[in-house]
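The values are calculated or read from the model by the stated rules, or taken from the named source; none is laboratory data. Just so it is clear, the structure is predicted and the values come from calculations on it, not from any experiment. Cβ coordinates were reconstructed from backbone atoms using ideal geometry, including for glycine residues, and neighbour counts include every protein chain displayed.
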Amino acid sequence: MTVIVKAGWACAFAAGVLGLAVLAGGAAESLADDVADYTVIDGNVDPNTREGYTVYSRACMACHGPDGLGSSFAPSLIQAAERRSFEEFAQTIAEGREIQPGQVMPSFADDLYVMSNLVNVWSYLKARADGGLGRGRPGIIEDMQEDEES
Amino acid sequence: MLRVSTYAIAAVGLLAAPMAQANENVLELIDNPELWATQLGNYQGHRYSQLDQINRDTVGDLRAEWQFSTGVLRGHEGGPLYVGDGRLYIHTPFPNKVFALDIEDQGRIIWSYEPDQDSRVIPVMCCDTVNRGLAYADGRLFLNQADNTVIALDAESGELLWSVSNGDHTQGETMTMSPLVVHDKVIVGISGGEFGIRGHITAYNAETGDMEWRGYSTGPDDEVLLDPETTLMMGEPVGEADLGVSTWPEGEWERGGGAPWGWVTYDPELDLIYYGTGNPGTWNPEQRAIDGEPADNKWGITVFARDPNTGETKWVYQKVPFDEWDYDGINENQLIDVEIDGEEVKGLGIIDRTGFGFLLDRETGELLVAEKFAPETNWATHYDMETGRPVVDEDYSPHTQGVDVNTTDICPTAMGAKNMQPTSYSPDTGLIYAGINRICMNYEPHEVEYVAGQPYVGATLTMMPAPLENDEGMEGRMGSFIAWDPVKGETVWEIDERFAVWSGALTTAGDLAFYGTLEGHIKAVDIETGEHLWQFKTPSGIIGNVNTFQHEGKQYIAVLSGVGGWAGIGLAAGLEDPEAGLGAVGVFAALQDYTELGGVLTVFALPDS
């Protein structure tokens, strides 16, 4: 079994719920540096990271390609998650960007669904970049699913 | 003062006279086998040339004479026009540059034109900032800009003659399709089916740019320009009024899509234009159902036959009532005269997004043949030939499976078994030649709220290569080039390709069929057997159309390469292996391992002997 947890705000929570061996990736980083918060176990993820996948697929995939991989139209967001800070990521989504003539990122400032899920999308992309999460639609870790519903 | 006015009126009169004959001019150009005057080669959309200097015996010597970089990245669809004046006229994706290139001077730029457009139009173009090319008539070039401006340029000088706005990109409306000039009118469609627009087709006066008529794809009959008493559906009058309103839940027709963003064809004898409308708004079928039951959502995914003079609808055929898969029905309607059981039939052939090859009667709109050209097609088992409706398989029906449920292994994918890439019809063989997609999908609809100018999609999908039938064909292949018998409804031969074949096909009297691949190869094959005869690797993937023409006794082949479009977005990183489970690295070919962006025109000819 592979377990990878990257915790910003909810490290203790995730580890406690799981009661499993945990590879904590962000221990030395401050919250301001990185708010990514994901758990990956055998290709399944926590509910918030799964929500990040869903938001990505609905709002970002049409240009950035499947699974964060980039396309002929827009760059890989997995690479962006490796190179940029959460702050830069959030700013780009909110403000949009004209990268060069003919290449434009729209502003999502008016899209409440996207704006309220920024941390979840970031967590999903970080899980793809650093957390060993593969392609496709991840399942939700069973214990955490029950926790959500209770 | 009075004299000046009189002179001005006289001048307008002089200009007006030839424009009224625009149709005659285009017909004359089309009749000349040396020219390639419309994007589809002729009004009927055949993409066939009588030229035979390049043929089965000589094609092996075909070589690139010169290349021209357009300076634009992004997907290059459409192709060059040649109207006999020693120039090639080409266009680019956004920013929609136009070039007149000197054939006798290896593509020297005679003039170029670049419109000034709001770059905010870019993110509302769902599947790349493509453009499918110019139209020409009577010394004028016509172009649909991304920002909905329709323009006329003087072909001699590149001077702007008129421009008119056909839509509003802040509402999600854009333009990608190529206009068609019929009589004195420029016929244009619109794009934006993923942004909840209300699709329409419009005729502008070719001389002045004044709007002559507009027919909507949804809504009341008087705005669709449809008369339920006289407009035919499956050979009978439509009967019921305002189906474009009543087959939708309250008000949904106002954002009901049906964007005609594909090719328009024209029958000069019947004096009818033909085109298909796109997907009916949101991809979430639940939001288009009435009381939870499937509703037809007319006139989405419908073939329209209209009078080009007035826009009035002669007949309609809805290929997919109540779409659940984004089978965006804009595929070109090839006007082909066929023989069925010894009788001559004015036919209309479609290699359709749905995976079905259709043959219709183009006088009445009756369905004559509907057979699968992509055998993996499973969303419908077959078409009911009495009603003309598909028989949907519930296992592959996202509406039946429900909102927020992932319906798996649907074939074909939303890209369609064929997308916009136009087919070719050879009157010599009676076959249709088509680049097709062999890709399937999982489709999960979700609730989506309409906000003007924002995406209105309402489904997510993942794609995978179509399974092989009986272990035949290339493992993991995502496309094929096929020869299709439109009357028998069967594939005659098939060549598998690694990626979807997203380029427009060409056939010639030289017994050749040409097509391009996403890796960037242009290929020539034997029209009878499909035997591979020649290929050349252009600098980028080909989603443009292969065209041919003759200048000063020499036959040329020309093609725009420049990967992009939905193919580039979906296939850049490769597809998932559905068998490998979660976490697997995609094992199927990734387009980004083969090609990069960049628009280039390549012109080929035989060496001088």
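Values as computed for the structure displayed
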quantity: Test: residue in the stretch B:48-59 that is in a loop (DSSP other than H, G, I, E, B) and within 14 Å of chain A (Cβ to nearest Cβ); calculated: no
quantity: Total residues in the stretch B:522-555, condition under 14 Å from B:ALA64 (Cα atoms) and more than 25 Å from the chain's Cα centre (by Cα); calculated: 3
quantity: Condition check for B:GLY78: in contact with a Lys or Arg (Cβ under 9 Å, 6 or more places away or on another chain), in contact (Cβ under 8 Å) with a residue 60 or more places away in the chain, more than 14 Å from chain A (Cβ to nearest Cβ) and among the small types (Gly, Ala, Ser); calculated: yes
quantity: Options B:ILE110, B:ILE90; residue that is crowded, with 22+ Cβ neighbours inside 10 Å, in contact with a strand residue (DSSP E or B) (Cβ under 6 Å, 6 or more places away or on another chain) and β-branched (Val, Ile, Thr); calculated: B:ILE90
quantity: From B:GLY544, B:GLY562, B:GLY504, B:GLY530, residue being on the phi > 0 side of the Ramachandran plot, crowded, with 24+ Cβ neighbours inside 10 Å and either at pLDDT 95 or above or touching a Pro at 6+ places or on another chain (Cβ under 6 Å) (or both); calculated: B:GLY562
quantity: For B:THR231: the one exception among (1) of a type in the set (Ser, Thr, Tyr); (2) buried (at least 24 other Cβ atoms within 10 Å of the Cβ); (3) in contact with a strand residue (DSSP E or B) (Cβ under 6 Å, 6 or more places away or on another chain); (4) under 22 Å from B:TRP253 (Cβ atoms); calculated: (2)
quantity: Complete set of residues in the stretch B:510-537 that are closer than 23 Å to B:GLN50 by Cβ, aliphatic (A, V, I, L, M) and touching a Phe, Trp or Tyr at 6+ places or on another chain (Cβ under 8 Å); calculated: B:ALA513, B:ILE522, B:ALA524, B:VAL525, B:ILE527
quantity: Options B:GLY388, B:GLY458, B:GLY402; residue that is small (Gly, Ala, Ser) and within 14 Å of chain A (Cβ to nearest Cβ); calculated: B:GLY458
quantity: Any chance B:SER480 is touching a Leu at 6+ places or on another chain (Cβ under 9 Å) and small (Gly, Ala, Ser); calculated: no
quantity: The stretch A:110-137, residues that are crowded, with 24+ Cβ neighbours inside 10 Å and either facing another protein chain (nearest Cβ under 8 Å) or of a type in the set (D, E, K, R) (or both); calculated: A:LYS126, A:ARG128, A:LEU133
quantity: All positions within the stretch B:82-103 that are of a type in the set (A, V, I, L, M) and in contact with a helix residue (DSSP H, G or I) (Cβ under 7 Å, 6 or more places away or on another chain); calculated: B:VAL83, B:LEU88
quantity: Single condition B:GLY311 does not satisfy, out of (1) within 16 Å of the chain's Cα centre (by Cα); (2) in a loop (DSSP other than H, G, I, E, B); calculated: (1)
quantity: Where B:SER424 falls short, out of the listed (1) within 22 Å of B:LYS488 (Cα to Cα); (2) over 21 Å from the mean Cα position of the chain (by Cα); (3) touching a residue at least 60 places away in the same chain (Cβ under 8 Å); calculated: (2)
quantity: Complete set of residues in the stretch A:39-55 that are within 30 Å of B:LEU597 (Cβ to Cβ) and either β-branched (Val, Ile, Thr) or within 9 Å of another protein chain (Cβ to nearest Cβ) (or both); calculated: A:THR54, A:VAL55
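A quick yes/no check of all residues on (1) hydrophobic (A, V, I, L, M, F, W, C); (2) farther than 30 Å from B:LEU461 by Cα; (3) within 13 Å of chain A (Cβ to nearest Cβ); (4) without any contact (Cβ under 8 Å) to a residue 40 or more places away in the chain:
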| position | (1), (2), (3), (4) |
| --- | --- |
| B:LEU512 | yes, yes, no, no |
| B:GLU531 | no, yes, no, yes |
| B:GLN550 | no, yes, no, no |
| B:ILE557 | yes, yes, no, no |
| B:GLU596 | no, no, yes, no |
| B:PHE604 | yes, yes, no, no |
| B:SER609 | no, yes, no, yes |
